[in-house]
Amino acid sequence: MCQSYRVACTCGRRTAEIFFGRMVLSESAVKAVYCPHCSKDLDYQRDDRVWDNGWILELRMEVVRDRAPVMETSPDRVDADWVFDQGFVTWVGITPDESENRNRERSEILNMAATDFPAYLKAMKEWGVGREKRFSDQGWRKMQR
């Protein structure tokens, strides 16, 4: 079973939910998360940082590189972008706060189900398609593949 955990950004205003795919890495690999507010002045072009639409996920590369053989690569080939894109340490969903936002948005639509089921079905379909388009238009990393 894969695990995830929530981590507050460095300014404490937002929370990201991090996913650890294939159970190779854990929270010890995450050094910091920066939301768009607290990432403004940071250098994101470093091998220990993944930039995704204003958010930065900073990894402890010594921890990551120690696990490189389990990820079937060599330590000198590992950087944060690769780890993120391969799903070893990434967001739960498309965005750092997607599960929280998804549940809130979906609950608003669920209220229709009791009173107008056809309208509910239509709204859910439009919501699902619209979210994917919105994520793509906003430039989220996982939607660029």
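For the reader, a short list of remarks on this structure follows.
- Filtered by the rule that a residue be loosely packed, with under 13 Cβ neighbours inside 10 Å, under 27 Å from Ala8 (Cβ atoms) and of a type in the set (Gly, Ala, Ser), the range 96-145 gives Ser107, Gly139.
- Residue check, Leu59 modelled with pLDDT under 95, among the aliphatic types (A, V, I, L, M) and touching a helix residue (DSSP H, G or I) at 6+ places or on another chain (Cβ under 8 Å): no
- Residue count for the range 5-36, restricted to those that are assigned to a loop (DSSP other than H, G, I, E, B) and among the hydroxyl-bearing types (Ser, Thr, Tyr): 2
- Yes/no for Val30 being in contact with a strand residue (DSSP E or B) (Cβ under 8 Å, 6 or more places away or on another chain), closer than 30 Å to Gly128 by Cβ and surrounded by fewer than 19 Cβ atoms within 10 Å (Cβ to Cβ): no
- Meets criteria (part of a helix (DSSP H, G or I), among the aliphatic types (A, V, I, L, M), in the same structural domain as Ala16 (by TED's automatic domain parsing) and buried (at least 17 other Cβ atoms within 10 Å of the Cβ)) for Val83: yes
The values are calculated or read from the model by the stated rules, or taken from the named source; none is laboratory data. From a predicted model like this one, the values you see are computed outputs, not experimental measurements. Cβ sites come from the backbone with ideal geometry, for glycine too, and all protein chains shown count toward neighbours.
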